[in-house]
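Comments concern the structure below.
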Amino acid sequence: MQRLPVLVGAAVAVRVRYPVSLVGGRDTQAGLTVAPRIRRFGPAVLAVAVVLYVVVYALWPSLATQVDLQVYRFAALRLWHGLDLYSIGLTGNSKELLFIYPPFAALCFLPLALVGEPVVQVLWLTLTWALIVWAIWRMLKSMAPARTPGLWSLVALLVGVVAWLEPIRLTLQLGQINVVILALVMADLLSSAQRRWAGVGIGIAAGLKLTPALFIVYLAATGRLRAASVAAVTLVATIAAGFVLLPAGSTFYWLRHGFDDPGRIAQHPFASTANASLGGLLMRLHVPPAPVAVAAVVMAVAAVTLAAVAYRRGHAVLGSALVGMASAAVSPFSWSHHWVWFAPLLVHLGYRAHVLRSRSSTWTFWALAALLGGWFTSFGEHRESGVLSLRPGGIWKDIIPG
C-alpha cells in the first residue's frame, strides 16, 4: 500500500488514450469456430480432471482439509463472540495460522459462523468450482464473437486444465479466497467501463485482500478514470466500515502495522522458499531491502504499462493476467496459491490456440499447463507439491535459491 501513490503517478504518466470498448482488436473476430478436436475432447478433459480430484481426495483426505477456510471461519466465530481477531490463531498459538486479512474481510466471513464446518466446506468448494467455470466462460465471452460454435467445449477443456494448475489446485485444497478475488476483478474488468458501478468489484477485492489494489492503477492507466475512482472510493469505504464496526481490530491492522508484517504470515518469511514473490527471491539472494523495493515498483510499473498496451490492442484478458501476476510478484510475501492469475493467461492462450488457430499459442498453452500443473511427486512429507510448481518440495525449490 505504501507503493500505491508512486504507482498511480506512474500510471497516469504512461496512460495511453484509446477507446475503452472490449469489442474489436486481435482477439475478437467474426466467423470463428472452436477447433473440431476441442469440440470432441474438451468435455472429456473436464471429466478426467473431476474424476482425478475425487480419486485423490478419496485416497488422501488430508488434501481436502481446507485449513485456510477453517481460519476464515475461526475469525468469523471470534467476531461473532466479540473476541479479538488478530491475537491468536486457529491452533491457539499466537504465531501460526493467524487471520491476516483486513477487518472488512472478517465482516464478510461472518456468515461462515452460522453453519457447521462440514457444510461450510462443501458450500465453499462448490462456490469455488462455480466461480472457476464462470470466470473462464466470462473471459472467453469477452474474446469470442456471439454464438461461437463449440465455445462450451472450450470452456470444459480450460476448466479441466486450469483446475489442475498448482495455484488453483492448492486454492481448492486450502479453501483459499483467491478464486473469489479473481472473479470479482474479472467481473469488473470485462464489463463496460460506462457501467454505473464499474470499479466496485475491484474495490471490494482490494478491501478483502490488499494486492488487488494494483488493478486500480491499471484502470487509471487504461483511461478508465471513473472506474478507478469508484474502485478507490470503494476500498476506502471498506476500511472505514472496519473502523466503524471493528475499531480495535482496525486500529491494530491499519495503524500498528498488522497489514505489512510478513512475520504474521510465516516464520522467517523472506528466507523461506515458500515465499514466491519477487521480494522473497531477491532477499534470499541477499539483496538489501531498498533495491528490493525499487525492483518491486519497477516491475509493477512495467507490468501495468505492458498490460495497458495489451488492452489497447484488444487483449483485455492478457492485460488482466499481467497485472494479476505482477500483484503477486510485488507483494512482500506471496504463497504459490496467490498466483491464480496464471489462469487468465492460460485462457488467453487457449482461445488463441483453439479458436484463432495460432500454432505458437498452442505450444505455449500446453507447455505452461505442464510447467504449472499440480503433478504429484511424493505422498510423504511434501505430498502436495508439484513437479514444476511454485510450491516447496517439487523441483522448483531447487531452482529458486533457498
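What do you reckon, is VAL317 under 20 Å from ALA206 (Cα atoms), surrounded by 14 or more Cβ atoms within 10 Å (Cβ to Cβ), touching a His at 6+ places or on another chain (Cβ under 7 Å) and at pLDDT 90 or above? For VAL317, the condition - under 20 Å from ALA206 (Cα atoms), surrounded by 14 or more Cβ atoms within 10 Å (Cβ to Cβ), touching a His at 6+ places or on another chain (Cβ under 7 Å) and at pLDDT 90 or above - is met.
Checking each residue in segment 114-144 for being hydrophobic (A, V, I, L, M, F, W, C), farther than 23 Å from LEU356 by Cβ and outside any helix (DSSP H, G or I) picks out only VAL115. Please count how many residues of segment 186-219 are crowded, with 24+ Cβ neighbours inside 10 Å and farther than 20 Å from LEU107 by Cα. Total satisfying the criteria: 10.
Looking across segment 175-195, just one residue is touching a helix residue (DSSP H, G or I) at 6+ places or on another chain (Cβ under 7 Å) and modelled with pLDDT under 90, and that is ALA193. ILE132 meets the conditions (1) among the hydrophobic types (A, V, I, L, M, F, W, C); (2) surrounded by 22 or more Cβ atoms within 10 Å (Cβ to Cβ); (3) free of Cβ contacts under 8 Å to residues at least 12 places away in the same chain in every case but one. The failed one is (3).
Here the condition is being more than 24 Å from TYR351 (Cβ to Cβ) and either touching a residue at least 24 places away in the same chain (Cβ under 8 Å) or in contact with a Lys or Arg (Cβ under 9 Å, 6 or more places away or on another chain) (or both); of THR171, THR126, THR211, it holds for THR211 alone. Looking only at residues in segment 334-356 that are modelled with pLDDT of 90 or more and either touching a Gly at 6+ places or on another chain (Cβ under 7 Å) or not in a helix (DSSP H, G or I) (or both), the one that is surrounded by the most Cβ atoms within 10 Å (Cβ to Cβ) is PRO344. Give me the residue from segment 49-98 that is assigned to a loop (DSSP other than H, G, I, E, B) and aliphatic (A, V, I, L, M) and, out of that set, nearest to GLN173 (Cα to Cα). Within segment 49-98, the match that is nearest to GLN173 (Cα to Cα) is LEU97.
Of everything in segment 142-185 that is among the charged types (D, E, K, R) and surrounded by 19 or more Cβ atoms within 10 Å (Cβ to Cβ), the residue that is farthest from LEU46 (Cα to Cα) is GLU166.
Can you confirm whether PRO149 is in contact with a Ser or Thr (Cβ under 7 Å, 6 or more places away or on another chain), of a type outside the set (A, V, I, L, M) and part of a helix (DSSP H, G or I)? No: the conditions fail for PRO149.
The values are calculated or read from the model by the stated rules, or taken from the named source; none is laboratory data. A quick note: this is a predicted structure, and the numbers were derived from the prediction, not measured. In this analysis, Cβ positions are derived from the backbone assuming ideal geometry, glycine residues included, and neighbour counts consider all displayed protein chains.
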